[in-house]
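The values are calculated or read from the model by the stated rules, or taken from the named source; none is laboratory data. Treat the numbers as computed from the prediction; the structure is a model and nothing was measured. Here the Cβ positions follow ideal geometry from the backbone for every residue, glycine too, while neighbour counts run over all protein chains shown.
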Amino acid sequence: MRDVAIIGVGINRWGELWESPLRDIFVESALEAIADTKVDHLDSMYVGCMTSGLFIGQEHLASLLADYLGQNHLPSARIESACASGALAAKCGYFEVASGASDIVMVAGVEKMTDVGGDGATYALSTAADAEYEVYHGVTFPSLYAMMAVEHMHLYGTTSEDLAHVAVKNHKHGAKNPLAQFPFEISVDAVLNSIMVADPLHIYDCSPITDGAAAAILCPLEMASKFTDKPLVRVAGIGHATDTIALHQRKELSWLEGTARAAKQAYKQADIKPQDLHCAEVHDCFTIAEIMVIEALGLVEKGKGGSAAKEGTTALGGKIPVNTSGGLKSKGHPVGATGVAQLVEVTKQLRGECGERQVEGAKYGLTQNMGGTGGSAVVHILEAI
Amino acid sequence: MSTSARYTREIPQRYRLEAAKCKGCSKLFFPPRLICDECGGKEFEPHRLSDKGKVVSYSVVRIGPSQFVEQVPYIVSVVELEDGVRLTCQVADAKPEELEIGAPVTIEFRKIGEEGDAGIIHYGYKAVLDRFK
Ligand SMILES: [Zn+2]
């Protein structure tokens, strides 16, 4: 197996891009990633997308997007694992390069979510849960995460205010990210006084509906300096695991075993410990999600995630800054693109390109992307060389 | 939401809480499966789950999907039945403030929703707090 480097990243406008079709949203980010390198061709491409079929009535994205990228006939695959589709596409590209099968591979993610109304989006997203045994009974994603939150509160004393601090922290970071969909700060009171979606989750505990894409170019580390003059970033570790998609089939609702297993693999491959990380981008689709994820990643002890944002542990300047990009909460959450966007942010951190939100001297950064209530999880660890 | 074939094939679970018991290790599966993840066994016998259980967690849906929009706010819950099997369902006839983790419930057969137009009415299980019984 060869070492793999990320040599180029691209991320474009995120938000409600009513005037732009999915193919253009993808191509803008993909071209930016290519322009970030000196490559003159691609050998292959993987695109993560959760459900373009339900959002825009279009499947067969692999071929459509290769064509519109000006790469007709390129081997291309579309990867789906709910909201973890993007990171899983990156994993596929990683192994294609690591194996020696290809040298220059694009990994990307895209989602166009605003062509349907709120109800259409709720339905499309709900397909990441068990259609017959969860959704049939009227549960929604906010209510599934709410049930995880209720258990976490019961077991560990986590409060609504603790949850609010996650949103406040991520908006504070996102305010320093010009690309974020909601690049402004919010207060704890604003979160707690926002409308209740599913008790105890307020609307400001939830990530938004977003159109957006992200892309990265991978190549063997030994060739990387040929294709970029920027600081080199190595993929040091990858982990991937699944869990039941029905939340009720897990012993503990508030423990993300899939993420814990994926993280264990990634740490082992990278040969580092959670304490060695300088930054992390994690899947805060809801505020409670970030709390559970940092526990599963070993960034804090099990049960201690609730107070991390409030105490500043996970803020810029804290022990381990989490979601310097603003996270899904402030930056936006075009579901299939999120996992790749996390890799874009950590790559920029390791290259020292994050401006006001830069973590000084960042050498190791982690990304964690998950689908549904944690039924799929992919963890990457990146290293500045 | 469902075609009638799709609806009909789930009826044993939705109407009668029919689970499958592994003949090798007695693990219960709801809904039934074809292979046991505990012992690898492929032979099962039908098992009617207990209708008694307790609340594992719950939430109140205040913004619901279109099929349930007339029911909001409604309570959803993960319930653990006496057999140890867990399932997701609504809690009927209760106020949010009456819910708590560990609250004893009984599973009842109720209407879940309607498909709209000339569609079929969906039935299934809901939990009811035992203090009302
Ligand atoms: Zn068995």
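A:Val166 passes every criterion in (1) in the same structural domain as A:Trp14 (by TED's automatic domain parsing); (2) part of a helix (DSSP H, G or I) apart from (1).
Just one residue in the set A:His137, A:His152, A:His165 is away from chain B (no Cβ under 14 Å) and more than 30 Å from A:Met1 (Cα to Cα); that residue is A:His165. Among the residues of region A:248-278, those that are part of a helix (DSSP H, G or I), touching a residue at least 60 places away in the same chain (Cβ under 8 Å) and of a type outside the set (Ser, Thr, Tyr) comprise A:His248, A:Glu257, A:Gly258, A:Arg261, A:Ala262, A:Ala263, A:Gln265, A:Ala266, A:Gln269, A:Ala270, A:Asp276.
Looking only at region A:279-298, count every residue that is closer than 17 Å to A:Asn170 by Cα and in a loop (DSSP other than H, G, I, E, B) and tell me the total. Quick ask: steps written out before the conclusion?
Restricting attention to region A:279-298, the residues satisfying the condition of being closer than 17 Å to A:Asn170 by Cα are A:279-294.
Pick out the ones that are also in a loop (DSSP other than H, G, I, E, B) and you get A:282-285.
Residues in region A:279-298 being closer than 17 Å to A:Asn170 by Cα and in a loop (DSSP other than H, G, I, E, B): 4 in total.
Based on this model, can you work out whether B:Phe29 counts as within 11 Å of another protein chain (Cβ to nearest Cβ) and at pLDDT 95 or above? So B:Phe29 passes the test.
Which residue is nearest to the ligand (Cβ to nearest atom), if the candidates are limited to region B:2-25 and must be polar (S, T, N, Q) and more than 11 Å from chain A (Cβ to nearest Cβ)?
So in region B:2-25, the residues polar (S, T, N, Q) come out as B:2-4, B:8, B:13.
So of that shortlist, the ones also more than 11 Å from chain A (Cβ to nearest Cβ) come out as B:3-4, B:8.
On the way: B:Thr3: 32, B:Ser4: 33, B:Thr8: 28 Å.
Checking each candidate, the answer is B:Thr8.
The set of residues in region B:57-87 that are within 14 Å of B:Glu98 (Cα to Cα), within 7 Å of chain A (Cβ to nearest Cβ) and within 14 Å of the chain's Cα centre (by Cα) comprises B:Ser57, B:Tyr58, B:Val76. Only residues that are free of Cβ contacts under 8 Å to residues at least 60 places away in the same chain, under 24 Å from B:Thr106 (Cα atoms), crowded, with 20+ Cβ neighbours inside 10 Å and within 16 Å of the ligand (Cβ to nearest atom) were counted in region B:34-87, giving 0.
Is there a residue being more than 14 Å from every other protein chain (Cβ to nearest Cβ) and assigned to a strand (DSSP E or B) anywhere in region A:223-234? Full working, then the answer.
Of region A:223-234, the ones more than 14 Å from every other protein chain (Cβ to nearest Cβ) are A:223-234.
Now restrict to residues that are assigned to a strand (DSSP E or B): A:233-234.
Yes, that holds for at least one residue.
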